[in-house]
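The values are calculated or read from the model by the stated rules, or taken from the named source; none is laboratory data. All values derive from a computational prediction rather than experimental measurement. Note: ideal-geometry Cβ built from the backbone for every residue, glycine included; neighbour counts use all protein chains shown. Only protein heavy atoms, including side chains, enter the accessible area calculation; ligands, DNA and RNA are left aside. Shrake-Rupley method; radii C 1.70, N 1.55, O 1.52, S 1.80 Å.
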Amino acid sequence: EPDFETKAVYTSTITVIDGINSSTQAITVNVLDVDEIPPVISINGANPINVELGSTYSDAGAIADGGETVSLESNVDTAKVGSYTVTYSATDAAGNIGTATRIVNITDTTKPAITIIGDNPATAEFGLTYTDAGATATDLSGSVTVVTTGTVDTDTVGAYTLTYTSTDASGNSGTASRVVNVTDTTAPVFTSSSTFMV
């Protein structure tokens with residue numbers, strides 16, 4: 001029910017004359033002060049606020065200037081990068097509704113995690129074909145791919161580096177590397193075409 005308060009009282013006297021008779025009557029007019037001002041809501045904490053993808057978001061809430069109960073509606077999804085809105089509302093005794101909003105930005109600043117498959121460092125035999133076992137990557141934003149750079153020359157003994165890179169949808173790049181040592185462990189094979197007579 002609306003909250004009305006008496007702002008002022010005015011009294012007037014009215015005289016009515018019908019030609020012969022007259023009457024006087026006092027009329028009192030109450031001027032009412034109607035509350036049409038909604039509650040003012042103050043948001044606690046940062047606004048806007050940045051939250052890391054995959055983390056837990058706990059809203060700091062809000063308060064109303066008249067002590068009214070503040071309710072909130074939120075569509076925040078910390079599993080997806082994007083901008084979300086938390087809406088606060090409070091209703092006073094006169095039925096006036098006050099609202100306020102907080103923007104929650106879910107951001108991704110975490111690099112993909114790369115796991116190298118197989119030995120690291122790895123060993124390749126001189127003169128033989130080297131097949132790399134590769135690597136895998138995981139990221140909270142979803143599926144990511146791995147790109148391998150570098151070469152292994154098995155015709156030359158030495159240490160070679162293969163680099164694995166994975167970049168997520170937010171542009172964060174993770175890298176890992178494997179060292180491949182090309183070694184020669186095969187003994188020479190002696191072949192003779194000479195014939196010896198005893």
### Task
State, to one decimal in nm, how far the label point of THR183 lies from the label point of ILE63, with both points 7 Å from Cα in the Cβ direction.
7.0
### Query
Which one of THR56, ASN120, ILE97 is farthest out on the positive end of the charge dipole of the range 29-121, using unit charges on Cβ (Lys, Arg +1; Asp, Glu -1) and the Cα centre as origin?
ASN120
### Task
With a point put 7 Å past each Cα toward its Cβ, work out how far SER173 is from ASP153 in nm, to one decimal.
2.5
### Task
Enumerate the calculated ³J(HN,Hα) couplings along the range 165-170 in order (Karplus 6.51 cos²θ - 1.76 cosθ + 1.60, θ = phi - 60°), each rounded to whole Hz, writing x wherever the residue is Gly or Pro.
10, 9, 10, 8, 5, 8
### Summary
Taking a probe of 1.4 Å and leaving out DNA, RNA and ligands, the range 24-91 shows per residue an accessible area in Å² of 64
## Note on the structure
Charge tally for neighbours of GLY45 with beta carbon under 15 Å away, counting Lys, Arg as +1 and Asp, Glu as -1, is 0
### Task
Grab the other residues whose beta carbon is less than 15 angstrom from that of VAL86, score K and R as +1, D and E as -1, and report the net.
-2
### Query
Out of (1) 1, 7, 12, 12, 10, 9, 8, 7, 7, 7, 6, 4, 3, 2, 2, 1, 1, 1, 0, 0; (2) 1, 6, 9, 8, 7, 6, 6, 6, 5, 5, 5, 5, 4, 4, 3, 3, 3, 2, 2, 2, 2, 1, 1, 1, 1, 1, 0, 0, 0, 0, 0, 0, 0, 0, 0; (3) 1, 7, 13, 18, 17, 14, 11, 7, 5, 3, 2, 1, 1, 0, 0, which label holds the value of P(r) over Cα pairs in 5 Å bins from 0, in percent that was computed here?
(2)
### Query
Which of the chymotrypsin sites (Phe, Trp or Tyr not before Pro) found in the range 81-173 are in a DSSP loop and have at most 16 neighbouring Cβ atoms, other than their own, within 10 Å?
PHE126, TYR130
## Note on the structure
If each K or R counts +1 and each D or E counts -1, the residues other than SER170 whose Cβ falls under 15 Å of its Cβ total -2
### Task
Step through the residues of the range 79-86 one at a time and calculate ³J(HN,Hα) from phi using the Karplus curve (6.51 cos²θ - 1.76 cosθ + 1.60, θ = phi - 60°), rounding each to whole Hz and writing x for Gly and Pro.
8, 9, 5, x, 10, 10, 10, 10
